[in-house]
Amino acid sequence: MNSRERVFTALRHEEPDRVPFNMRVCGEIVQRLRDWTGDPNVDWHAYFGHDIRPSTGFPIAPCPSGVPVWDWTPSPTAAEIDEAAKAVRRFIEQDFVVASGYQRGIFEEAKRWFGDVDTLTMPYLDPKRFGEMLDRLTQWKMAVYGAWVICGVDVVWIGDDLGTQRSLIMSPADYRYWYRPRHRILIEHLKALGPGVKVAFHCCGHVTPLVRDLIEIGVDILEAVQAETMDIGFLKREFGRDIVFWGGIGAQSVLACRDPADVREGVRKTLAVMAPGGGYIAAPCHTLTEEVNWENVLAYHEAIRCFRDYPDGWRKKESNAVRIMTANS
């Protein structure tokens, strides 16, 4: 299978020849690859053979001085959309799956407009104005994310950070009243604009109580799947038939704080739980930042190469690990 076939097989909740994978990193880690290879132009995703390629984001000009931030809602121009579409087509012609760039979602943008405290208190102190502002945000995000659909990406990457390390940021009831209906409108718009497009929802932190909600509003892929805050065995068992998981390998617990042998073991255990039956794209559960050492980055890719296949011998070897991890969920 090529990368495109591999990812779409996994998205159908079937097992491809190998687990599709990628890794997002900060600029400092990309520079380490350049230094390590001696090639200043080396392509991060191509060098490691990642199956999903991100499209370059649309430039968003800063809010002009004197303009209220909520009055500054720029959308990509026709020229910017056309340029991005060319890049998307090049990746597709090379048999890769293309995901859009990520930009703040409705809740995240509300926090930029009003600040963290007011975003969480306005629903109680000024619900009418808050609802009107969320509606404006939804319309803006429909235009911005919709531009990616027009570009022809396979996966539109939306989302909102709704979780902390231990719990949701807001109650499930508040999410279902204020954000779920607007997320649904946004997703319905994207899928009407591009039948066949997949919607990936990024969410850091503990989001287990909302996974069923995300499935019901049309999310195809849950991205991040932060292993430090959620039981991945429970997620796979409870929701693995209805949503694809993308991530799950602990950026904090596996890649940032362990030596290469621990990284290899962490990748192995995660794939043992998440890979069977398809419906999984392997990746760290967040963009890796500069505190992750280079040896661990290499160990991650080595472990993926070792454990991403689906031969019968591998399954028998890992079956005990799967049973133990899911039994403890």
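The values are calculated or read from the model by the stated rules, or taken from the named source; none is laboratory data. Please read these numbers as outputs of a predicted model, since none were measured by experiment. Glycine gets a Cβ as well: all are built from the backbone with ideal geometry, and neighbour counts include every protein chain shown.
Select from segment 46-89 the residues that are touching a helix residue (DSSP H, G or I) at 6+ places or on another chain (Cβ under 7 Å) and of a type in the set (Ser, Thr, Tyr) and list them in ascending order. Residues satisfying the conditions are Tyr47, Ser55, Thr56, Thr73, Ser75. Taking the criterion of being over 15 Å from the mean Cα position of the chain (by Cα) and β-branched (Val, Ile, Thr), the residues of segment 15-37 that qualify are Val19, Ile29, Val30, Thr37. Listed by first and then second residue, the pairs linking a residue in segment 3-18 that is assigned by TED's automatic domain parsing to the domain that holds Arg268 to a residue that is among the acidic types (Asp, Glu), with Cβ atoms under 6 Å apart and 6 or more places separating them unless they lie on different chains, are Ser3/Asp51; Ser3/Asp95; Arg4/Asp95; Arg6/Asp51; Val7/Asp51; Arg18/Asp309. The C-beta contact set for segment 47-65 (first residue surrounded by fewer than 15 Cβ atoms within 10 Å (Cβ to Cβ), second residue polar (S, T, N, Q), distance under 7 angstrom, 6+ apart or interchain) comprises Gly57/Gln103.
Summed over segment 115-141, the residues that are buried (at least 19 other Cβ atoms within 10 Å of the Cβ), out of contact with any Phe, Trp or Tyr (no Cβ under 7 Å at 6 or more places or on another chain) and not β-branched (Val, Ile, Thr) give a count of 3. The set of residues in segment 1-21 that are within 18 Å of Lys236 (Cα to Cα) and hydroxyl-bearing (Ser, Thr, Tyr) contains only Thr9.
Trp113 satisfies every condition listed in (1) closer than 17 Å to Leu222 by Cα; (2) in contact with a Pro (Cβ under 9 Å, 6 or more places away or on another chain) except (1). Every condition in (1) in the same structural domain as Arg305 (by TED's automatic domain parsing); (2) within 19 Å of the chain's Cα centre (by Cα); (3) free of Cβ contacts under 8 Å to residues at least 60 places away in the same chain; (4) part of a loop (DSSP other than H, G, I, E, B) is met by Arg104 except one, and the failing one is (1). Could you go through segment 38-51 and let me know if any residue there is in a helix (DSSP H, G or I), over 20 Å from the mean Cα position of the chain (by Cα) and modelled with pLDDT of 95 or more. Looking through segment 38-51, at least one residue is in a helix (DSSP H, G or I), over 20 Å from the mean Cα position of the chain (by Cα) and modelled with pLDDT of 95 or more.
Filtering segment 68-101 to residues that are acidic (Asp, Glu) and either buried (at least 17 other Cβ atoms within 10 Å of the Cβ) or outside any loop (DSSP other than H, G, I, E, B) (or both) leaves Asp71, Glu80, Asp82, Glu83, Glu93. If the condition is being part of a loop (DSSP other than H, G, I, E, B), within 21 Å of Val30 (Cα to Cα) and not hydrophobic (A, V, I, L, M, F, W, C), then segment 254-291 contributes Arg258, Asp259, His286, Thr287, Thr289, Glu290, Glu291. Among the residues making up segment 274-284, those that are touching a Leu at 6+ places or on another chain (Cβ under 9 Å) and more than 13 Å from Val7 (Cα to Cα) are Met274, Pro284.
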